[in-house]
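Take a look at the structure below.
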Amino acid sequence: MTATLSPPEIALTTDRVGEVENAGVEYLPEDARDSRPRNLGAVFLGANFTWTNVVFGAFAILFGLNFWQTLTSMAVGVAVGTLAVVPTAIIGPRTGTNMTVSSGAFFGIRGRFIGSGIALLIAFGFAAVTVWTSGDAIVAAGHRLLGTPENDAVHAIAYAAVAALMVTVALYGHATIVAMQKVVVPVVGALMILGVFAFAGGFDPGASSGEYMLGGFWQTWALSAVLFAAAPISYGPTIGDYTRRISALQFSNRRICAALGIGMFVGVLLPSLFGAFTAVSLAELANPTDSYLDDLVAASPGWYVLPIVVISLLGGLSQGVLCVYASGLDLEGLAPQLKRTQTTTITAAVAIALRYLGVFVFDAVESVTAMTVALNAVITPWVAILAIGALRTKTYDLTDLQAFAQGRHGGRYWFTGGWNVRAVVAWTVGAVFGPAGRQHHAVCRTVGRHRRRGRREHHRIGGPGRVALQREQTQKFPTRRANGALCDCSRRELSQQWHVVVRRIGEDFEHRAAGGHQLSAFESLARHLNSAGRDRRVVAVLRTAIGVGIGQADDVGRLGGDLALDHLVPDTCPERP
């Protein structure tokens, strides 16, 4: 069915750079669609050139992978995620509206509220993360260049500056966003390439923490790949915001899909690679902080600090604008009596308030970051249903898609009370029990907990320091087994049972320290190591266990000698003749 609009309605859909876009989620006729596939590619290429993807690129290194392993998981994950969303590119040109309204063709007129809710949460979450990461980088750079303080007031100003730019561009609308992205792509892309030279000195592609987050290489590699696949998929609800302005009559499905695929794949891959590259390069940093971006600014040469500021502003603007613009359209889909500019203002105000509350009141930055990852567990099956529906559906009833805005019941997409029960059940099962759900819940549990602590430990054991530690761990030391046999055992072999050592040391300290304070420091050490357990600290425990001198040599040696006699030596250690 073809919908027609009167000339006055068509006039309201005009879209020019520097002018406020009046069109919202209503049907856009063919005459009003003046965008092109290359604009679509530019939007999703530029939107990914942000610190958010850079930080996510560093995660794989923190998970225990080296650079080459990260590269393979990144390429596979981004490719899978991109292939998952590419079929949805053909929906907007056929329906003439955004993705959440179009989802009513598959979920029902009321069932599309699922997509609107998810899209709003993702927009709020990623907008918050974008503002935080960009603002933090600006504050760190200002401190490095001008000596400005790094207190809450300065952070609040930086967040406000980034948020104000985002909201302004989002209010102007589609044409201004596209024009902005065409500036972001060459500028930020060139600055990130320049950053490779800035941090090349400390780069060791084979360096890793030596400890896989999930205990084994393939499990950790798969976790990393899923995390990278989530980035393209998270854009699923926003793709229609830009494809709705592309004519299905002028451009083929293949050309539209190719533009989205190239823009999405390259856009996610390049900044993520930059994040992995710099994470490896920062391994030699002498005094790491608990912030990757602070460390990046501190370790960068002076001439690259200003480019970091530019990346922070333009990169934060590029992704944040998509989030704010999308949230305005999604809210309009739920409240069609409001105009796009009104809904965008409302969602922007809510998002900004949540950002400040999350940082300065509830200290919920880590929780929101984990939430954005976990949300991909529910968006993935939603995108999959839309992709399947896009491939199977050739024509849409454009009038019935707008039934909710018109206050009507019934029609082609009413299904059962406005819900397509089969689609809703399939989405629910996929979100709760599907592989993406399980993997993303694992990421949610681990990212917030390990992002800072894991990177601090990686700094301690990466690069040349890692080589020195491996040498220290493979050095052989005389140790006795429970049967009294003398054997040579390396610290690496002993580390297989470090937790037994820690537990027994702690028990022995509790038994012996009552008579004085000499052992209290070691008791504290053991208890802390029982919860931390990273390799360098493990070496300290093993030194304690076998009596290799770290302060209080006599006491530690005597204690360690006693402990080393009992079932702490792996059977793989060769006995001496």
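The values are calculated or read from the model by the stated rules, or taken from the named source; none is laboratory data. Remember, it's a predicted structure, so these values are computed and weren't measured experimentally. Note: ideal-geometry Cβ built from the backbone for every residue, glycine included; neighbour counts use all protein chains shown.
Helices (runs of 4 or more DSSP H) fully within the stretch 194-305 that include at least 2 residues being among the aromatic types (F, W, Y) and under 20 Å from the mean Cα position of the chain (by Cα): 217-234, 253-281. Among all positions in the stretch 148-169, there is at least one residue which is over 27 Å from A299 (Cα atoms), in contact with a helix residue (DSSP H, G or I) (Cβ under 6 Å, 6 or more places away or on another chain) and of a type in the set (V, I, T).
Does I91 count as touching a residue at least 60 places away in the same chain (Cβ under 8 Å), within 30 Å of V421 (Cβ to Cβ) and crowded, with 24+ Cβ neighbours inside 10 Å?
Answer is yes for this residue.
The set of residues in the stretch 300-342 being touching a Pro at 6+ places or on another chain (Cβ under 9 Å) and more than 16 Å from L165 (Cβ to Cβ) consists of S300, A326, D330. Here I122, I90 are screened, and the one residue that is in a helix (DSSP H, G or I) and within 23 Å of the chain's Cα centre (by Cα) is I122. Of the residues contained in the stretch 293-304, one or more are found to be among the hydroxyl-bearing types (S, T, Y) and farther than 19 Å from A119 by Cα. When the residues of the stretch 386-409 are filtered to those that are within 35 Å of the chain's Cα centre (by Cα) and outside any loop (DSSP other than H, G, I, E, B), the one that is farthest from P29 (Cα to Cα) is I388. For the stretch 269-283, state whether one or more residues are at pLDDT 90 or above, farther than 22 Å from L62 by Cα and among the aromatic types (F, W, Y). No, the conditions are met nowhere in the stretch 269-283. The residues on offer are L398, L391, and the sole one that is in the same structural domain as I109 (by TED's automatic domain parsing), more than 13 Å from F106 (Cβ to Cβ) and in contact with a helix residue (DSSP H, G or I) (Cβ under 7 Å, 6 or more places away or on another chain) is L398. The set of residues in the stretch 209-234 being out of contact with any Gly (no Cβ under 6 Å at 6 or more places or on another chain), touching a residue at least 40 places away in the same chain (Cβ under 8 Å) and not hydrophobic (A, V, I, L, M, F, W, C) consists of G210, S224, S234. If the condition is being touching a Phe, Trp or Tyr at 6+ places or on another chain (Cβ under 6 Å) and under 19 Å from P93 (Cα atoms), then the stretch 15-54 contributes P37, L40, V43.
Confirm whether L331 is modelled with pLDDT of 90 or more, assigned by TED's automatic domain parsing to the domain that holds G195 and either closer than 27 Å to V20 by Cα or of a type outside the set (G, A, S) (or both). Answer is yes for this residue.
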